[in-house]
1. Roughly how big is the stretch 53-128's charge dipole about its Cα centre, with Cβ charges of +1 (Lys, Arg) and -1 (Asp, Glu), in debye to the nearest 20?
2. Just need the relative contact order of the chain here, percent rounded to a whole number, with Cα pairs under 8 Å and 6+ apart.
3. Distances longer than 30 Å among the Cα atoms of the chain: what percent of all pairs is that?
4. What does the charge dipole of the chain about its Cα centre add up to, to the nearest 20 debye, if the Cβ of each Lys and Arg holds +1 and the Cβ of each Asp and Glu holds -1?
5. Considering only protein heavy atoms and a probe of 1.4 Å, how much of the accessible area of the chain is carbon and sulfur, as a whole percent?
6. Counting only residues 5 or more places away or on other chains, whose amide H sits under 5 Å from the amide H of residue 116 once H atoms are built in the peptide plane?
7. Lys/Arg Cβ at +1, Asp/Glu Cβ at -1, dipole of the stretch 77-188 taken about the Cα centre: which of 78, 135, 104 is farthest positive-ward?
8. With a 1.4 Å probe and every protein chain left in place, work out the accessible area per residue of the stretch 33-95 in Å², rounded to a whole number.
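The values are calculated or read from the model by the stated rules, or taken from the named source; none is laboratory data. Computed from a predicted structure; not experimentally measured. No Cβ is skipped: glycine too gets one built from the backbone with ideal geometry, and neighbour counts run over all protein chains shown. Each accessible area value is taken on the protein alone, full model and side chains, heavy atoms only, with ligands, DNA and RNA left out. Shrake-Rupley method; radii C 1.70, N 1.55, O 1.52, S 1.80 Å.
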Amino acid sequence: MPQPASQGQPPSPLHEGRPYDIDSAESLLTVRIFRGGPLAKAGHNHVIASHALHGTLYVPSDPARVTFQVDVPVAELTVDEAALREQEHSDEFPPEVPDSAKQGTRKNMLGPALLDAERYPDVLLEAERLEPVASGAAGDWLAHVRVTVRDCVSSVVVPAHSASGDGSVVVSGEFPLKQTDLGLTPFSALLGALQVVDEMQVRFRIVAHLSPTRATH
């Protein structure tokens, strides 16, 4: 269950190892949200994206002790970029979405009933611990991530794959996530006849480069 951020949350883990700064230009987070309810055909599925991820990964000699902090500025989230919808290659995400639908989705998403961007400008992701996937390939992990959305903190298990080389680290993955697991109430209108399905699909690719100037913690 999500917990209020102000009530006895455990401290963030101490960072150790070499710092790698996230490259916003090379990193991408997308969230696919789906229409639901009896009038679902009147709505649209949407692709929400962030090209503005920033933060740091700390990589020690033991990869299981990697820590990170990632900030997602909510005011910079985009809705239904044509190129991202095209990449879905699915009838669920046809290329054309009316501007009114995009604008309405963005307004609802950033408004006080959902992300409340005016009061809470960032979603914060922090490492709790990492565990290797016993049956997976090298670089496959289950990351236990502390997620702060608005004033609620949740713990989410994220399957991820990491690769490193030439002073860079790339972390990628895809997983389902429910809005209610983050303390959010999915959008609903017309007494529930038109609504957003609770479960979303999250996809990410984070690229970070070794910091040339910052000291190791």
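1. Values: 6 positive and 16 negative charges, 48 e Å.
For the stretch 53-128, the charge dipole is close to 220 debye.
2. Numbers: 498 pairs, mean separation 60.4, N = 217.
Taking the mean separation of contacting Cα pairs over the length of the chain, I get 28 percent.
3. Values: 6021 of 23436 pairs.
The calculated P(r) of the chain puts 26 percent of pairs beyond 30 Å.
4. Numbers: 17 positive and 28 negative charges, 75 e Å.
The dipole of the chain has a size of about 360 debye.
5. Details: 6540 of 11770 Å².
So the carbon and sulfur contribution to the accessible surface is 56 percent.
6. 111
7. Farthest along the dipole direction, towards plus: 104.
8. Values: 3070 Å² over 63 residues.
Roughly 49 Å² per residue, with all protein chains present.
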